[in-house]
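Report on the structure given below.
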Amino acid sequence: MKHKFGKLVLASGLLFSLQACNNDDVPDVVIENEIISRVTLTLTGTEGDIVTLNSVDPDGDGPLAPTVTVSGDFNVGETYNGTIEFWNDIADPHEDNTEEIREEKEHHQIFFQQSGLGKFSYSDVDANNLPVGLSYKFVAASSPAKGNLTVTLIHKPNKTGENVSNGDITNAAGSTDAQVTFPIVIK
(Lines give C-alpha, C1' and ligand atoms only; values in the text may rest on other atoms or scores of the structure.)
Protein backbone atom coordinates (compact mmCIF):
# COMPACT_ATOMS: atom_id res chain seq x y z
CA MET A 1 0.00 0.00 0.00
CA LYS A 2 2.85 2.37 0.88
CA HIS A 3 4.43 1.83 -2.57
CA LYS A 4 1.11 2.56 -4.42
CA PHE A 5 0.58 5.75 -2.35
CA GLY A 6 4.08 7.01 -3.32
CA LYS A 7 3.36 6.42 -7.01
CA LEU A 8 0.02 8.21 -6.67
CA VAL A 9 1.67 11.25 -5.03
CA LEU A 10 4.41 11.30 -7.68
CA ALA A 11 1.90 11.05 -10.54
CA SER A 12 -0.29 13.80 -9.01
CA GLY A 13 2.73 16.08 -8.60
CA LEU A 14 3.80 15.51 -12.19
CA LEU A 15 0.28 16.15 -13.50
CA PHE A 16 0.02 19.35 -11.44
CA SER A 17 3.39 20.63 -12.70
CA LEU A 18 2.46 19.90 -16.32
CA GLN A 19 -0.83 21.76 -15.94
CA ALA A 20 0.94 24.74 -14.37
CA CYS A 21 3.26 25.12 -17.34
CA ASN A 22 1.66 26.90 -20.21
CA ASN A 23 3.12 29.37 -22.69
CA ASP A 24 2.34 32.31 -20.40
CA ASP A 25 4.50 30.84 -17.65
CA VAL A 26 7.61 30.33 -19.76
CA PRO A 27 10.08 33.13 -18.97
CA ASP A 28 11.71 35.15 -21.74
CA VAL A 29 15.31 34.28 -22.43
CA VAL A 30 17.48 36.81 -20.62
CA ILE A 31 20.37 38.19 -22.63
CA GLU A 32 22.78 39.89 -20.26
CA ASN A 33 24.89 42.93 -21.01
CA GLU A 34 28.41 42.15 -22.17
CA ILE A 35 31.53 43.04 -20.19
CA ILE A 36 33.62 45.11 -22.59
CA SER A 37 37.09 46.36 -21.77
CA ARG A 38 38.44 47.06 -25.28
CA VAL A 39 36.83 48.71 -28.31
CA THR A 40 38.71 48.94 -31.62
CA LEU A 41 37.50 50.68 -34.77
CA THR A 42 39.47 50.12 -37.98
CA LEU A 43 38.71 52.45 -40.88
CA THR A 44 40.27 51.88 -44.31
CA GLY A 45 40.15 54.79 -46.75
CA THR A 46 39.64 54.59 -50.49
CA GLU A 47 43.25 55.80 -50.84
CA GLY A 48 44.41 52.80 -48.75
CA ASP A 49 45.31 54.60 -45.55
CA ILE A 50 44.09 53.02 -42.29
CA VAL A 51 43.01 54.86 -39.16
CA THR A 52 42.61 52.85 -35.95
CA LEU A 53 40.67 54.09 -32.94
CA ASN A 54 41.29 52.11 -29.78
CA SER A 55 39.97 52.30 -26.23
CA VAL A 56 41.29 50.04 -23.48
CA ASP A 57 39.62 50.06 -20.07
CA PRO A 58 41.55 47.64 -17.82
CA ASP A 59 38.78 47.39 -15.22
CA GLY A 60 35.71 47.49 -17.49
CA ASP A 61 33.12 49.64 -15.72
CA GLY A 62 35.44 50.22 -12.76
CA PRO A 63 36.86 53.53 -11.58
CA LEU A 64 39.89 53.60 -13.91
CA ALA A 65 39.50 55.74 -17.02
CA PRO A 66 40.09 54.08 -20.39
CA THR A 67 43.18 54.78 -22.47
CA VAL A 68 42.02 56.16 -25.82
CA THR A 69 44.26 56.33 -28.90
CA VAL A 70 43.74 57.41 -32.51
CA SER A 71 46.43 56.33 -34.98
CA GLY A 72 46.10 59.31 -37.33
CA ASP A 73 43.95 61.92 -39.00
CA PHE A 74 41.21 61.45 -41.59
CA ASN A 75 41.48 62.97 -45.07
CA VAL A 76 38.96 65.65 -46.08
CA GLY A 77 36.10 64.15 -48.11
CA GLU A 78 37.51 60.61 -48.17
CA THR A 79 35.27 57.55 -47.76
CA TYR A 80 36.32 54.94 -45.20
CA ASN A 81 35.03 51.40 -44.76
CA GLY A 82 34.97 50.54 -41.08
CA THR A 83 34.67 47.65 -38.71
CA ILE A 84 34.42 47.57 -34.95
CA GLU A 85 35.49 44.95 -32.42
CA PHE A 86 34.49 44.54 -28.78
CA TRP A 87 36.65 42.53 -26.37
CA ASN A 88 36.52 41.44 -22.74
CA ASP A 89 40.21 41.41 -21.79
CA ILE A 90 39.29 40.99 -18.12
CA ALA A 91 38.22 37.39 -18.77
CA ASP A 92 40.86 34.67 -18.87
CA PRO A 93 41.16 33.76 -21.67
CA HIS A 94 40.12 37.02 -23.37
CA GLU A 95 36.65 36.94 -24.95
CA ASP A 96 35.83 38.32 -28.39
CA ASN A 97 32.40 39.84 -27.72
CA THR A 98 32.12 40.84 -31.37
CA GLU A 99 31.06 37.32 -32.32
CA GLU A 100 28.43 37.23 -29.58
CA ILE A 101 27.07 40.61 -30.75
CA ARG A 102 27.01 39.31 -34.34
CA GLU A 103 25.07 36.21 -33.21
CA GLU A 104 22.63 38.36 -31.18
CA LYS A 105 22.47 41.25 -33.63
CA GLU A 106 18.70 41.70 -33.22
CA HIS A 107 19.54 42.69 -29.62
CA HIS A 108 22.34 45.19 -30.41
CA GLN A 109 22.95 48.41 -32.31
CA ILE A 110 26.00 50.65 -32.47
CA PHE A 111 25.56 54.42 -32.65
CA PHE A 112 28.10 56.92 -33.99
CA GLN A 113 27.46 60.35 -32.46
CA GLN A 114 29.38 63.36 -33.80
CA SER A 115 28.86 66.79 -35.20
CA GLY A 116 30.54 68.23 -38.26
CA LEU A 117 33.02 65.38 -38.76
CA GLY A 118 31.21 63.67 -41.63
CA LYS A 119 28.55 61.03 -42.14
CA PHE A 120 28.29 57.46 -40.85
CA SER A 121 26.07 54.85 -42.50
CA TYR A 122 25.42 51.22 -41.61
CA SER A 123 26.74 48.43 -43.84
CA ASP A 124 25.20 45.49 -41.94
CA VAL A 125 21.69 44.56 -40.83
CA ASP A 126 19.99 41.98 -38.63
CA ALA A 127 17.38 39.38 -39.65
CA ASN A 128 14.71 42.12 -39.55
CA ASN A 129 16.70 44.30 -41.98
CA LEU A 130 17.50 46.78 -39.17
CA PRO A 131 21.01 48.22 -38.66
CA VAL A 132 23.70 46.75 -36.41
CA GLY A 133 26.90 48.75 -36.99
CA LEU A 134 29.69 46.15 -36.79
CA SER A 135 30.51 47.30 -40.31
CA TYR A 136 29.86 50.81 -41.59
CA LYS A 137 30.98 53.60 -43.93
CA PHE A 138 32.32 56.96 -42.87
CA VAL A 139 32.56 59.86 -45.30
CA ALA A 140 34.82 62.51 -43.78
CA ALA A 141 33.71 66.15 -43.79
CA SER A 142 34.41 68.13 -46.96
CA SER A 143 36.50 70.69 -45.05
CA PRO A 144 38.98 70.42 -42.16
CA ALA A 145 37.36 69.76 -38.79
CA LYS A 146 38.07 68.66 -35.23
CA GLY A 147 35.67 67.11 -32.77
CA ASN A 148 34.63 64.10 -30.79
CA LEU A 149 33.16 60.84 -32.02
CA THR A 150 31.18 58.95 -29.39
CA VAL A 151 30.58 55.29 -30.16
CA THR A 152 27.85 53.59 -28.14
CA LEU A 153 26.81 49.93 -28.17
CA ILE A 154 23.19 49.61 -27.01
CA HIS A 155 21.87 46.31 -25.69
CA LYS A 156 18.22 45.54 -26.55
CA PRO A 157 17.52 48.85 -28.30
CA ASN A 158 14.14 49.79 -29.70
CA LYS A 159 15.33 49.48 -33.29
CA THR A 160 11.93 50.53 -34.63
CA GLY A 161 11.89 53.74 -32.56
CA GLU A 162 11.73 57.04 -34.41
CA ASN A 163 14.97 57.59 -36.42
CA VAL A 164 16.82 54.79 -34.57
CA SER A 165 17.44 52.91 -37.83
CA ASN A 166 19.07 56.12 -39.14
CA GLY A 167 21.56 56.08 -36.27
CA ASP A 168 19.77 58.50 -33.92
CA ILE A 169 20.26 57.22 -30.35
CA THR A 170 17.56 59.51 -28.89
CA ASN A 171 14.72 56.95 -28.99
CA ALA A 172 16.83 53.79 -28.80
CA ALA A 173 16.17 53.02 -25.10
CA GLY A 174 17.84 49.73 -24.06
CA SER A 175 20.98 49.71 -21.92
CA THR A 176 24.56 50.71 -22.70
CA ASP A 177 27.07 47.88 -23.13
CA ALA A 178 29.93 50.23 -24.03
CA GLN A 179 30.47 53.91 -24.74
CA VAL A 180 33.74 55.49 -25.85
CA THR A 181 34.64 58.98 -27.06
CA PHE A 182 37.48 59.53 -29.53
CA PRO A 183 39.09 62.86 -30.53
CA ILE A 184 38.93 63.11 -34.34
CA VAL A 185 40.81 65.36 -36.78
CA ILE A 186 39.85 65.79 -40.46
CA LYS A 187 42.70 67.31 -42.53
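For the pairs K105/K137; K159/K187; K105/K187, flag any whose C-alpha to C-alpha distance is greater than 26 Å. Long pairs (Cα-Cα over 26 Å): K159/K187; K105/K187. Taking amide H as placed 1.01 Å from N in the peptide plane, H108 has its amide H under 5 Å from the amide H of K156, each at least 5 places away in sequence or on another chain. Heavy-atom accessible area with a 1.4 Å probe sorts H155, H107, H94, largest first, into H94, H107, H155. Among the protein heavy atoms of region 61-122, carbon and sulfur supply 48% of the accessible surface, probe 1.4 Å, non-protein parts ignored. For region 156-164, putting each phi into the Karplus relation 6.51 cos²θ - 1.76 cosθ + 1.60 with θ = phi - 60° gives couplings of 6, x, 8, 5, 9, x, 4, 6, 5 Hz, in residue order, rounded to whole numbers and with x for Gly and Pro. In sequence order, region 72-82 has phi-based couplings of x, 9, 9, 8, 3, x, 7, 9, 10, 8, x Hz under the Karplus curve 6.51 cos²θ - 1.76 cosθ + 1.60, θ = phi - 60°, and Gly or Pro positions carry x. Projected label points at T42 and T160, each 7 Å from Cα along the beta carbon direction, are separated by 3.6 nanometres. For G118, the residues whose modelled amide H falls within less than 5 Å of its own, excluding neighbours fewer than 5 places apart on the same chain, are A141.
Accessible surface computed residue by residue for region 71-187, with neighbouring protein chains in place and a 1.4 Å probe, gives 49 Å² per residue. The slack in the chain from T170 to D124, taken as 0.36 nm per residue of separation less the alpha-carbon distance, amounts to 14.5 nm. Modelled this way, with points 7 Å down the Cα-to-C-beta line, the labels at E99 and S143 are 4.7 nm from one another. Computed from backbone phi with θ = phi - 60° and the Karplus coefficients 6.51, -1.76 and 1.60, the 3J(HN,Hα) list for region 147-153 is x, 10, 10, 9, 10, 10, 9 Hz; x is used for glycine and proline. Put simply, the amide H of S37, placed in the peptide plane, has neighbours under 5 Å in W87, N88, D89, I90, leaving out anything fewer than 5 places away on its chain.
For region 98-187, the set of GluC sites (Glu not before Pro) satisfying both a DSSP loop assignment and a count of at most 16 other C-beta atoms within 10 Å is given as E104, E162. So, in Å, what gap is there between the alpha-carbon centers of region 154-185 and region 105-136? Taking the Cα centre of each part, region 154-185 and region 105-136 sit 9 Å apart.
The values are calculated or read from the model by the stated rules, or taken from the named source; none is laboratory data. Everything numeric here is computed off the predicted structure, so don't read it as measured data. Quick reminder, even Gly has a Cβ in these numbers, built from the backbone with ideal geometry, and neighbours come from all protein chains shown. Ligands, DNA and RNA are excluded from the accessible area calculation, which covers all protein heavy atoms including side chains. Shrake-Rupley method; radii C 1.70, N 1.55, O 1.52, S 1.80 Å.
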